[in-house]
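First comes the structure, then the notes that go with it.
Since every read-out is calculated from the coordinates, none of them should be taken as a lab result. This structure is a prediction, so every number in the text was calculated from the model and none was measured.
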Amino acid sequence: MGFGKNMEPLTKILSAAVELFRQYGFKTITMDDIARRSGISKKTLYMHFSSKQEIVNESLLWYKEQVTESCYAVLQDAENAIDAMVRMMALMDETHKKINPMAIFELQRFFPEAFQTFREILMKRDVEMMRDNILQGIREGLYRENINAELLARYRIESSLLMLQPNLLVSDRNSLMSVAMEIAEHFIYGIMNAAGEKLYEQYKEKYLKQATKI
């Protein structure tokens, strides 16, 4: 990722930190690495952040906000609940391509407070988005009526965290993407009715053709 001359130093730092953490994990990245990737001096870095812990905290919040905004944009532009779900699957596939599977494990182990904050945001905002999609799909006659939207929304988000634990389901980026797509498709087939399945195949061909093979 390139950082333009007009980009604010704070945004440069957060963008660089996210890029490094996603690529290499959280443990080995140093303040020097972040300053170097940001294209700023270490002195400037310390003017904004007093420690790596602080950068981890703030970069996670910043990154989550970027992803959430992208998700909201997808939801607002979607034709129906299944269109939204499939486009979210494509968005997450692109996101997983850039994540080192060890990153979440290291975050949880070495920065537990930051991980807990990240998890709380997921379990609030992401669960809300997923629950709203399920309820929308029920209203549109595309999802099964006899399902618990709140429970399934929580299950879906919890499963997204589970697959990021090393040695459980994934071992590298390729397996992460494959497992993520497999879980996503398994979930959506579990909530769709016959009408929804027909639409899903259409949207899958449109949005997931270039995504990780299921």
Item to check | region 103-149 - Rg and Dmax from Cα coordinates, angstrom | outcome: 15.5, 45
Checklist entry - What percentages, rounded to whole numbers, describe P(r) for region 61-207 computed over all alpha carbon pairs with 10 Å bin width beginning at zero? => result 11, 41, 36, 11, 1
Next on the checklist: Given contacts defined as C-alpha pairs under 8 Å and at least six residues apart, what's the relative contact order of the chain, whole-number percent?
Outcome noted: 23
Checklist outcome for this item: So the compactness index of region 2-73, its C-alpha Rg divided by 2.2 N^0.38 Å, takes the value 1.07
Checklist entry - When only Cα pairs under 8 Å and 6 or more residues apart are kept, what is the percent relative contact order across region 1-80? => result 32
Checklist entry - Which of MET89, MET47, MET181 moves the most in a Gaussian network model of the chain with Cα springs under 10 Å? => result MET47
Item to check | Under 5 Å, built H, 5+ apart or other chain: amide partners of TYR143 | outcome: ILE138, ASN193
